[in-house]
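**Q** Input: one structure, supplied below.
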Amino acid sequence: MPAAYIFMIAAFLMSFIMGCIIIPRILVISHKHQLYDLPDERKIHDTPIPRLGGLSFFPVIVVTLAMSMAVRYLLGYDVIYIPERIVLIEFLFLLAGTMILYVVGVGDDLIGITYRSKFIAQIICGVLLVLSGLWLHNLDGIFGIYAIRMRYSAPLTIFIVVYITNAFNLIDGVDGLASGLVIVALSAFGLIFIKERQLIYALVSFSTLGVVVPFWFYNVFGNQAHGHKLFMGDTGSLTLGFIISFLTLRICLTGAETDGATNHVIVCISALLVPMFDVFRVALHRIRKGRNPFKPDRNHIHHKLLRAGMRKRSVLISIIGLSVFYMIFNYLINPYLNVTYILMIDFALWIGLHAIINHFIKKVEIVPHSI
């Protein structure tokens, strides 16, 4: 087995083991100090549940990444196949941005923070990635656009960072959904980076994946009656969303710089389509109704599937399955269609899916009145 694969497996296992050790301790602290996510009319759980699972993400990721890189260098293996100065600057700004959102998330989970403050923090983090040199200078033909100037690409990059970060934050409404979508995306990203020999970014993917997996099991299978269930909170969703946006930008830049890597960009975008389409539809729906697009409601896809009569576990499987379908479908048709047409087909499928969901919601809501 190549050394690269061994180190990726080791990074994943290290992160996984630390997650398994830290997450139960977070549960104990949460119960001891009654740090709960309380139910309300918008949420689907009916009992107080700890919401600080995301506290484990950032420290575990940093420790795993640092130790993996250090051990690899000590053993004489290179970990960077691109200029070290570029990687150093990118990672310093990534570390700063993730820390900002981590602190903002902790504050929101403990005392509550306005959406405006979170929005400003996300913009600042987007600016940090642009300052690191990680900005989109080529859209690879999406909507007929290829090379773009810095004055346009910088705000576009910031918008993408804020968009992706918010998308994962807002879709975190069913047990295992946000973390499950993150697991799918990180798995694909890690394999892409290994194939492109950008091992440092693969380490980020698998270091993050390792700590998310044990959280997912606690979140989905944790016994609520025995106090073993917990949520990631904004601490987790903001941290993961920002890391996903960083890796997405890096894959898109890899596609622009590497011949024949368009398929990788398609897979990357496809892994994010469900949360990105969902937040776009929900924001548009709120604006049409004259409401603040940043105010939460019960109109996300998981809410609609629940209203249509599906159980929580079925909703989880269906949405993650939809994300995997987009990845496979787009990868297969990419050699035959322009990326713009692929995205148009994806959006048409999304609209068709919601038409079907709306049909079942109407049937479910009509039934009680006919009895």
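The values are calculated or read from the model by the stated rules, or taken from the named source; none is laboratory data. Owing to the predicted nature of the structure, the values given are computational and were not obtained by experimental measurement. Positions of Cβ are backbone-derived with ideal geometry, glycine not excepted, and every protein chain shown enters the neighbour counts. Heavy atoms of the whole protein, side chains included, go into the accessibility calculation; ligands, DNA and RNA do not. Shrake-Rupley method; radii C 1.70, N 1.55, O 1.52, S 1.80 Å.
**Q** Not counting ligands, DNA or RNA, and with a 1.4 Å probe, what is residue 146's accessible surface area in Å² rounded to the nearest 10?
**A** 130 Å²
**Q** Starting at the first residue of the stretch 161-169, write each ³J(HN,Hα) from the Karplus equation 6.51 cos²θ - 1.76 cosθ + 1.60 with θ = phi - 60°, in whole Hz, x for Gly and Pro.
**A** Working through the residues one at a time gives 4, 5, 4, 5, 4, 5, 4, 6, 5 Hz.
**Q** Can you work out the Karplus-derived ³J(HN,Hα) for every residue in the stretch 131-138? Use 6.51 cos²θ - 1.76 cosθ + 1.60 with θ = phi - 60°, whole Hz, and x for glycine or proline.
**A** 4, 6, x, 8, 10, 6, 10, 7
**Q** Pull up all non-local amide H partners of residue 37: gap of 5 or more, or a different chain, and H-to-H distance under 5 Å with H placed in the peptide plane.
**A** Residues meeting the amide H criterion: 49, 51.
**Q** Could you give me the ³J(HN,Hα) list for the stretch 326-335, computed from phi with Karplus coefficients 6.51, -1.76, 1.60 and θ = phi - 60°, whole Hz, x at Gly and Pro?
**A** Result, ordered by residue: 4, 4, 5, 4, 5, 4, 6, 8, 4, x Hz.
**Q** Using a 1.4 angstrom probe and counting only protein chains, how large is the accessible area of residue 365 in Å², to 10?
**A** Roughly 90 Å² of residue 365 is accessible to a 1.4 Å probe.
**Q** Ok, one more. Run lengths n ≥ 4 of DSSP H only: what is the helix-derived mean residue ellipticity at 222 nm for the chain, with -39500 (n - 2.57) per run over all residues, to the nearest 500?
**A** It lands at -25500 deg cm²/dmol.
**Q** What span do the alpha-carbon atoms of the chain cover on each of the three principal axes, reported in whole Å from largest to smallest?
**A** 71, 53, 40
**Q** Same structure, new question: Cα to Cα, under 19 Å, and not fewer than 8 places away if on the same chain: which lysines meet these conditions relative to residue 118?
**A** Those lysines meeting the cut-off are 295.
**Q** Moving on to the next point. Given a Förster distance of 22 angstrom, what is the FRET efficiency for residue 355 paired with residue 187, based on the Cβ-Cβ distance and rounded to 0.05?
**A** So the FRET efficiency works out to roughly 0.10.
**Q** Using a cut-off of 13 Å between beta-carbons, work out the net charge of the residues near residue 334 (Lys and Arg +1, Asp and Glu -1, residue 334 not included).
**A** Result for the neighbourhood of residue 334: -2.
**Q** Another one. Around residue 177, under 12 Å between beta carbons, what's the net of Lys plus Arg minus Asp minus Glu among the other residues?
**A** Combined, the nearby Lys, Arg, Asp and Glu give -1.
**Q** Here's another thing I want to ask about it. Amide H to amide H, which residues 5 or more places from residue 230 or on other chains are under 5 Å from it, using H placed in the peptide plane?
**A** Those qualifying (amide H under 5 Å, at least 5 residues apart or on another chain) are 219.
**Q** Also, I was wondering about something else. Considering Cα pairs under 8 angstrom that are at least six residues apart, work out the relative contact order of the chain and quote it in whole percent.
**A** The normalised contact order for the chain reaches 22 percent.
**Q** Could you please state, rounded to a whole Å, how far the C-alpha centre of the stretch 284-314 is from the C-alpha centre of the stretch 170-212?
**A** 26 Å
**Q** Keeping all protein chains in place and using 1.4 angstrom, which order do 12, 193 fall into by accessible surface area, from largest down?
**A** The residues order as 12, 193, largest area first.
**Q** Please calculate the 1.4 Å probe accessible area of residue 195, with all protein chains present, and give it to the nearest 10 Å².
**A** 150 Å²
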